[in-house]
1. Quick one: which of 173, 150, 160 is in contact with a His (Cβ under 8 Å, 6 or more places away or on another chain), of a type in the set (Ser, Thr, Tyr) and open to solvent by 40 Å² or more (accessible area, probe 1.4 Å)?
2. Can you tell me which of (1) more than 30 Å from residue 210 (Cα to Cα); (2) at pLDDT below 85 is the one residue 95 doesn't meet?
3. Quick one: count up the residues across the range 96-126 that are within 17 Å of residue 142 (Cα to Cα) and either assigned to a helix (DSSP H, G or I) or open to solvent by less than 40 Å² (accessible area, probe 1.4 Å) (or both).
4. Please state which one of 198, 260, 206 is closer than 20 Å to residue 70 by Cβ and modelled with pLDDT under 70.
5. Evaluate the following for residue 10: is it in a loop (DSSP other than H, G, I, E, B), open to solvent by less than 80 Å² (accessible area, probe 1.4 Å), at pLDDT below 80 and of a type in the set (Ser, Thr, Tyr)?
6. For residue 140, are the conditions met, namely being more than 28 Å from residue 186 (Cα to Cα) and among the acidic types (Asp, Glu)?
7. What are the residue pairs meeting all of these: first residue in the range 128-149, first residue under 30 Å from residue 172 (Cα atoms), second residue open to solvent by 50 Å² or more (accessible area, probe 1.4 Å), Cβ atoms under 6 Å, and 6 or more apart or on different chains?
8. Does residue 248 satisfy the condition of being under 23 Å from residue 67 (Cα atoms) and modelled with pLDDT of 85 or more?
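The values are calculated or read from the model by the stated rules, or taken from the named source; none is laboratory data. None of the values given here were measured: they were computed from a predicted structure. Note: ideal-geometry Cβ built from the backbone for every residue, glycine included; neighbour counts use all protein chains shown. Keep in mind that these areas ignore ligands, DNA and RNA; they rest on the heavy atoms of the full protein, side chains included. Shrake-Rupley method; radii C 1.70, N 1.55, O 1.52, S 1.80 Å.
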Amino acid sequence: MYSVCECQITIFYVVYLPDDEAFCWDIIDLYISLIQRLRNMFKLTYKYKMINKQNEQMHGLLAIALTMYPMRIDESIHTQLREKYGDKMLRMQKGDLQVFEELFSFACPKFLSPVVPNYDNVHPNYHKEPFQQQLKVFAEEVQQQAQLSTIRSFLKLYTTMPVAKLAGFLDMTEQEFRIQLLVFKHKMKNLVWTSGISALDGEFQSASEVDFYIDKDMIHIADTKVARRYGDFFIRQIHKFEELNRTLKKMPATGTTATSGSAAARGV
């Protein structure tokens, strides 16, 4: 069972990367699912250190994906992310490209070139070329979205606003700001799997918590964030306490036994 599960985790880890904006929702859901499966497995196996490292890498990729495509996730996973990469996520939200590259370099899988090298003339760093190419593509994607985090934060503050005025807040010309709004719309549209055999089946949905449209010179913003479901949180906590209560009931009552023994010794 462990071998099959390990193969599944490795395949999904290698295939999906957070720089593929077309499938960001599915990728985030996949990372969360894999982290939850890794949480309670392999603790007693000889592969614990290797699996633990892969778990850290999964958290790193999830931190990148959530920085680029914010969405609500399970509270326990979110808490783990804040503990592990809270400082780096804050720096990434401010557009620190170096942190993006450092975390991607640590968390990404190993890359191989599909082209056979010329063995008569192989330079020493040939094996690093596939990784450098992937890192370059990832850095370009991050740079394309450098302004989106700031734009998103401004859009959350207003319901209507003249385009020129909002562009002035961002130190952009109106034309540059309109281009960035188009980039925002394009990057936040994602193909989400709904049904079908192929993982490429699905429909395009917006991954943003805010939506907007432009009518002449005015931008109209709508908050599409779904209210937090507090009921689910309390239900999970109730289940945890019930499990803890059952565990405590199964434990021997050492205090009662000791009291009975001392009473018997006194002849009571």
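1. Unique residue meeting the criteria: 160.
2. Here residue 95 clears every test but (1).
3. 12
4. Being closer than 20 Å to residue 70 by Cβ and modelled with pLDDT under 70 holds for just one of 198, 260, 206, which is 206.
5. Against the criterion (in a loop (DSSP other than H, G, I, E, B), open to solvent by less than 80 Å² (accessible area, probe 1.4 Å), at pLDDT below 80 and of a type in the set (Ser, Thr, Tyr)), residue 10 does not qualify.
6. no
7. 149/93
8. Against the criterion (under 23 Å from residue 67 (Cα atoms) and modelled with pLDDT of 85 or more), residue 248 does not qualify.
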